[in-house]
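The values are calculated or read from the model by the stated rules, or taken from the named source; none is laboratory data. Bear in mind that the values here come from a model prediction, so they are computed numbers and not experimental data. Note that we place each Cβ from the backbone using ideal geometry, even for glycine, and neighbour counts take in every protein chain shown. Note: areas computed on protein heavy atoms with side chains; ligands, DNA, RNA excluded. Shrake-Rupley method; radii C 1.70, N 1.55, O 1.52, S 1.80 Å.
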Amino acid sequence: MTGRRRPTPSRPSRLPRPSRTAALALAAATCASVTAGCGVIPGSADDGRGDPITVMTWAPEKTKATNKPGVPAMAQAYARWVNAHGGIDGRELKVLTCNDHNDPAGAAGCARRAVDEDVAAVVGAYSQHGRSFLGPLEVAGIPYIGGYGVTDDEFSSPLSYPVNGGEPALLAGNGRQLAARCDRVALVRPDTIAGDELPKLLNSGLRDGHHKPVADIRAPEDGTDFTPQAEQALTHAGAKDGCVTAALGARTDTFYDSFRRTRADYPPVRISSVLGSVDQSLVDRTGGASGPYEGAYVTGWYPASGDPRWSQMREVIREQAFGDNRVDPADAGVQTTWIAYTVLKRAVESLNGGKVTAHSLRRVLDGGLRVGTGGLTPPLSWRFEDLIAASEYPRLINSGVTFQVVRDGRLVPARKGFVDVEATLEQST
């Protein structure tokens with residue numbers, strides 16, 4: 001029984017010393033009484049310390065559209081690292097992985113496997129099919145800790161514990177960032193159900209800056225040539241102080257490749273995007289300071305990838321994933337997975353040796369656990385009073401974003417600290 005001391009019986013005086021048999025009988029009776037009253041004697045084999053902690057992380061891999069192989073790879077690297085240093089509170093961490101294939105059936109299949117494996121939580125996962133995977137998790141009572149935040153369902157399920165503001169915060173923040181810098185804005189986004197929400201969110205940020213609505217341009221999620229969309233975006237951006245922002249995930253660079261070949265016939269415009277669509281690795285691959293992203297505005301959830309606050313994550317990657325090209329410290333999926341496992345570690349430690357189950361993790365997360373992430377996010381807590389007042393995102397707790405810009409080939413802060421878009425999100429619903 002964690003946190004409660006067993007009462008110490010007063011020592012009898014002037015009584016004869018009991019025989020060995022009587023003493024053993026008394027000890028057995030006392031142990032039975034304590035076990036019945038408290039459930040488990042701390043430190044015994046039944047308190048869960050000897051059991052591994054089994055969790056699952058999933059993401060799409062080897063698909064024609066969005067792929068996030070770094071998400072499960074980072075989860076496995078984290079497990080190797082924490083196990084090499086004694087586990088979490090003395091327990092081995094076992095990470096199961098699953099490929100959701102970027103389709104609803106695959107996402108549901110991963111969730112069913114998580115239920116069959118009796119995992120304590122799904123941690124740091126990525127999927128665009130929230131309705132498909134959250135249903136099975138909710139029925140089984142399995143918490144979803146630190147998903148990427150790409151679907152609205154992650155911000156409405158009572159079993160979801162997000163660590164960032166997801167696409168809602170990014171797009172609202174991107175609108176805020178561009179409102180002061182651009183006369184007209186064109187948005188290129190995927191022609192999907194998730195993509196349909198992006199113009200409304202971007203417009204909420206633009207509206208905060210007293211800006212006119214965005215030109216909404218749809219693009220195929222798995223497109224290989226975006227010339228028609230580039231032409232539309234350049235036309236809508238206008239002739240002066242125009243901006244084009246793209247939120248196409250892994251296809252963003254494909255779009256801007258088409259954009260580069262097209263823009264010579266149009267007036268100059270500034271370009272923009274969000275974390276997860278443009279990161280430092282992409283800037284490096286495309287020429288750095290001499291590449292097309294020089295001067296681009298980027299809205300993120302976290303500090304820039306070169307910030308010292310990422311030093312421990314980088315150390316873990318060097319120690320446990322050296323040479324694994326899937327684990328890129330600049331990738332938003334890798335970063336979110338690191339933060340999600342930071343939450344898991346803190347939640348397990350807060351159990352003080354109690355069994356780690358889906359129920360016990362939900363209890364501590366719902367009970368006011370406060371998790372510091374070393375400044376990578378504001379402190380995280382999922383109490384009712386920590387939820388923002390946005391009716392469409394009732395589980396959203398972290399509405400902070402960062403404004404960055406590509407300068408001399410590096411993503412650097414365009415504004416110090418986090419920008420809170422809570423009021424913007426509340427007004428967008």
Residue count, segment 218-241, condition touching a helix residue (DSSP H, G or I) at 6+ places or on another chain (Cβ under 9 Å) and outside any helix (DSSP H, G or I), comes to 9
Across segment 47-76, which residue is nearest to residue 335 (Cα to Cα) among those that are touching a Phe, Trp or Tyr at 6+ places or on another chain (Cβ under 9 Å), aliphatic (A, V, I, L, M) and assigned to a strand (DSSP E or B)? 59
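Counting only residues that are of a type in the set (D, E, K, R) and over 14 Å from the mean Cα position of the chain (by Cα), which one in segment 126-161 is surrounded by the most Cβ atoms within 10 Å (Cβ to Cβ)? Quick ask: steps written out before the conclusion?
Taking segment 126-161 first, the residues of a type in the set (D, E, K, R) are 131, 138, 152-154.
Checking the rest, the ones that are also over 14 Å from the mean Cα position of the chain (by Cα) come to 131, 138.
Working: 131: 14, 138: 16.
Filtering segment 126-161 for residues that are of a type in the set (D, E, K, R) and over 14 Å from the mean Cα position of the chain (by Cα), the one surrounded by the most Cβ atoms within 10 Å (Cβ to Cβ) comes out as 138.
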Residue 220 meets each of (1) modelled with pLDDT of 90 or more; (2) open to solvent by less than 10 Å² (accessible area, probe 1.4 Å); (3) over 19 Å from residue 269 (Cα atoms) with one exception, condition (2)
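Give the residue, chosen from 214, 188, that is aliphatic (A, V, I, L, M), surrounded by 18 or more Cβ atoms within 10 Å (Cβ to Cβ) and touching a residue at least 40 places away in the same chain (Cβ under 8 Å). Steps first, please.
Working: 214 fails: touching a residue at least 40 places away in the same chain (Cβ under 8 Å).
So the residue among 214, 188 that is aliphatic (A, V, I, L, M), surrounded by 18 or more Cβ atoms within 10 Å (Cβ to Cβ) and touching a residue at least 40 places away in the same chain (Cβ under 8 Å) is 188.
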Test residue 281 against the stated conditions and say whether it is part of a helix (DSSP H, G or I) and modelled with pLDDT under 95. yes
Quick check on segment 175-208: of everything there that is outside any helix (DSSP H, G or I) and within 26 Å of the chain's Cα centre (by Cα), which residue is nearest to residue 426 (Cα to Cα)? 194
Note: among 127, 157, just one is over 18 Å from residue 100 (Cα atoms) and of a type in the set (Ser, Thr, Tyr), namely 157
Filter segment 290-322 for residues that are outside any loop (DSSP other than H, G, I, E, B) and open to solvent by 30 Å² or more (accessible area, probe 1.4 Å) and give the result. 290, 308, 309, 311, 312, 314, 315, 318, 319, 320
How do the pairs read when you match residues in segment 74-98 that are open to solvent by less than 10 Å² (accessible area, probe 1.4 Å) with residues anywhere that are among the acidic types (Asp, Glu), using Cβ under 7 Å and keeping only pairs 6 or more apart or on different chains? 88/349; 91/51
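When the residues of segment 245-271 are narrowed to those that are under 22 Å from the mean Cα position of the chain (by Cα) and at pLDDT 90 or above, which ends up farthest from residue 403 (Cα to Cα)?
Start the filter on segment 245-271 by keeping residues that are under 22 Å from the mean Cα position of the chain (by Cα), which leaves 246-252.
Imposing the further condition that a residue be at pLDDT 90 or above reduces the set to 246-248, 251-252.
Numbers: 246: 16, 247: 15, 248: 19, 251: 22, 252: 19 Å.
Among those that are under 22 Å from the mean Cα position of the chain (by Cα) and at pLDDT 90 or above, it is 251.
When segment 246-281 is examined, which residues are found to be closer than 22 Å to residue 199 by Cα and basic (Lys, Arg)? So that I can check it myself, show each step before the final result.
Kept after step one, since they are closer than 22 Å to residue 199 by Cα, are these residues of segment 246-281: 246-256, 258-259, 269-279.
Passing the criteria: 251, 270.
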Within segment 366-415, track down each residue that is open to solvent by less than 30 Å² (accessible area, probe 1.4 Å), among the polar types (S, T, N, Q) and assigned to a loop (DSSP other than H, G, I, E, B). 373, 377, 381, 398, 399
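Take the conditions at pLDDT below 95, out of contact with any Ser or Thr (no Cβ under 7 Å at 6 or more places or on another chain) and within 17 Å of residue 164 (Cβ to Cβ) and apply them to residue 365. Does it pass? Break it down stepwise before answering.
Numbers: at pLDDT below 95: no; out of contact with any Ser or Thr (no Cβ under 7 Å at 6 or more places or on another chain): yes; within 17 Å of residue 164 (Cβ to Cβ): yes.
The answer is no for residue 365.
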Given the criteria touching a residue at least 24 places away in the same chain (Cβ under 8 Å) and within 16 Å of the chain's Cα centre (by Cα), does residue 351 qualify? no
Considering only residues of segment 360-372 that are without any contact (Cβ under 8 Å) to a residue 40 or more places away in the chain and within 16 Å of the chain's Cα centre (by Cα), which is farthest from residue 419 (Cα to Cα)? 371
Given the conditions (1) free of Cβ contacts under 8 Å to residues at least 60 places away in the same chain; (2) among the aliphatic types (A, V, I, L, M); (3) open to solvent by 10 Å² or more (accessible area, probe 1.4 Å), every one holds for residue 230 apart from (3)
Only one of 333, 287 is among the small types (Gly, Ala, Ser) and either farther than 17 Å from residue 149 by Cβ or open to solvent by 20 Å² or more (accessible area, probe 1.4 Å) (or both). Can you tell me which? 287
